[in-house]
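Engineer: Structure in structure tokens, see below.
The values are calculated or read from the model by the stated rules, or taken from the named source; none is laboratory data. Note that the structure is a prediction, hence the values are computed from the model and not measured. Cβ placement follows ideal geometry from the backbone for every residue including glycine, while neighbour counts extend to all protein chains displayed. Side chains are part of the model used for accessible areas, which takes the heavy atoms of the whole protein and leaves out ligands, DNA and RNA. Shrake-Rupley method; radii C 1.70, N 1.55, O 1.52, S 1.80 Å.
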Amino acid sequence: MNEWIKQITDWFLDTTGLTGYSILLLTIPLAVLQGLFGVFPFATIVMLHISLLGIVNGLLASWIAGSAAGMIVYLLCRYLFTDWFNRKWMSRLKKYEKWQKGLDRYGVWAVIFLRTVPIMPNNLISFMAAISNLKLASYTWSNVVGNLSSIWLFGILSAPIVFPGVDLRQLILSYAAFLLVLCAAFYMRSRNMAKKDRGMMT
């Protein structure tokens, strides 16, 4: 965990006496800061939640914070700070051009995939969605599902660090079932898109 984040967190917790899910009053603003500037990894917040709340509650809190931050950053970039975003980030997005095209084509599924697999910084996903043709409602649920997938996976990988010897079989099996459902839904979506493309060609 970044030392300055730890110092700020310790000071804030000691000053406010926050416990339980009230920690979100601290971590949601931190998640928004991370989502805008990427000054520290989101994993820092997940580890903080797990350390304070335990595995399940920590992952739920991280899901809430990540989903809220993803929405706030998306809305800011899309409706308020478009010019700032274009100046600061557009050049960096050029190397992710193929993913931008994939996002325009696959929409919600691209967001879910990019949230789950750490191909690019988390904040860039929100930026890319903001300049895509993805509608607000579609981004909202893809952001929620994508963050769930990402945080669930990270929890499986990081929980043994915080709680050595913990039994993760139930968490792993439930995540595998979740991925199977997503894969089945994506397959159906892709098949329907392929049929539509063939229909346009005939």
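Engineer: Keeping all protein chains in place and using 1.4 angstrom, which order do 183, 77 fall into by accessible surface area, from largest down?
Structural biologist: 183, 77
Engineer: Round to the nearest 10 and report in Å² the accessible area of residue 14, as given by a 1.4 Å probe over the protein chains' heavy atoms.
Structural biologist: 130
Engineer: Oh, and also: Could you sort 62, 150 by their accessible area in this structure, using a 1.4 Å probe and putting the largest first?
Structural biologist: 150, 62
Engineer: Given the alpha-carbon gyration tensor of segment 15-77, what are the semi-axes of its equivalent ellipsoid in whole angstrom, ordered largest first, with each equal to the square root of 5 times an eigenvalue?
Structural biologist: For segment 15-77, the ellipsoid semi-axes come out as 20, 12, 11 Å.
Engineer: OK, next. Rounded to two decimals, what is the ratio between the C-alpha radius of gyration of segment 107-178 and 2.2 N^0.38 Å?
Structural biologist: After normalising by residue count via 2.2 N^0.38 Å, the value is 1.27.
Engineer: Right, another one. Could you rank the peptides 17-26, 168-177 by their average count of other C-beta atoms within 10 Å per residue, with the highest value first?
Structural biologist: Descending packing order for the listed peptides: 17-26, 168-177.
Engineer: Once R0 is set to 41 Å, what does the formula 1/(1 + (r/R0)^6) return for the Cβ-Cβ distance between residue 163 and residue 105, expressed as a FRET efficiency to the nearest 0.05?
Structural biologist: Result of the calculation: an efficiency of 0.50.
Engineer: Per-residue accessible area for residue 109 at 1.4 Å probe radius, Å² rounded to 10?
Structural biologist: Roughly 40 Å² of residue 109 is accessible to a 1.4 Å probe.
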